[in-house]
Amino acid sequence: QGLPVLFKHWLKNEEVEEGRTAVLFCELTKPSARVEWRKGDTVLQMSDKYEIRQEGTRVELLIYDAEAQDA
C-alpha cells in the first residue's frame, strides 16, 4: 500500500496583476502523485488558459491572462 501523499509545501494565496500569468504551486511528499486543480467544483483542464506542470514532487498551475474571475 505505501504511505499516503501529503503536502510538504501548501498552496498559498498569490496576487497578480490582471493580464499577467499567475503561478500557483504545491509540493508533495511523493513524486508523480496524481493532482487535480479545481476552481470550486470544476476540475481545471489543460487549455489556452491553464497549464499544469508536474516535475517530481512539485506541481504547478499557470493561469494565463489572469482576470478577477480567476480568483
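The values are calculated or read from the model by the stated rules, or taken from the named source; none is laboratory data. Predicted model, so just to flag it, every value in this text is computed and none were measured. So basically every Cβ, Gly included, is an ideal-geometry build from the backbone, and we count neighbours across all protein chains shown.
General remarks:
- Test: residue in the range 35-42 that is in a strand (DSSP E or B) and either in contact with an Asp or Glu (Cβ under 7 Å, 6 or more places away or on another chain) or aliphatic (A, V, I, L, M) (or both): no
- Residue within the range 19-37 that is of a type in the set (Lys, Arg), surrounded by 12 or more Cβ atoms within 10 Å (Cβ to Cβ) and in contact with a Gly (Cβ under 9 Å, 6 or more places away or on another chain) present: yes
- Scanning the range 1-49 for residues that are within 17 Å of residue 71 (Cβ to Cβ) and of a type in the set (Gly, Ala, Ser) yields 19, 22, 40.
This table checks each residue for (1) under 10 Å from the mean Cα position of the chain (by Cα); (2) surrounded by 12 or more Cβ atoms within 10 Å (Cβ to Cβ); (3) at pLDDT below 95.
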site	(1), (2), (3)
47	no, no, no
51	yes, yes, no
61	yes, yes, no
71	no, no, yes
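- Residue check for residue 8: touching a helix residue (DSSP H, G or I) at 6+ places or on another chain (Cβ under 9 Å) and surrounded by 10 or more Cβ atoms within 10 Å (Cβ to Cβ): no
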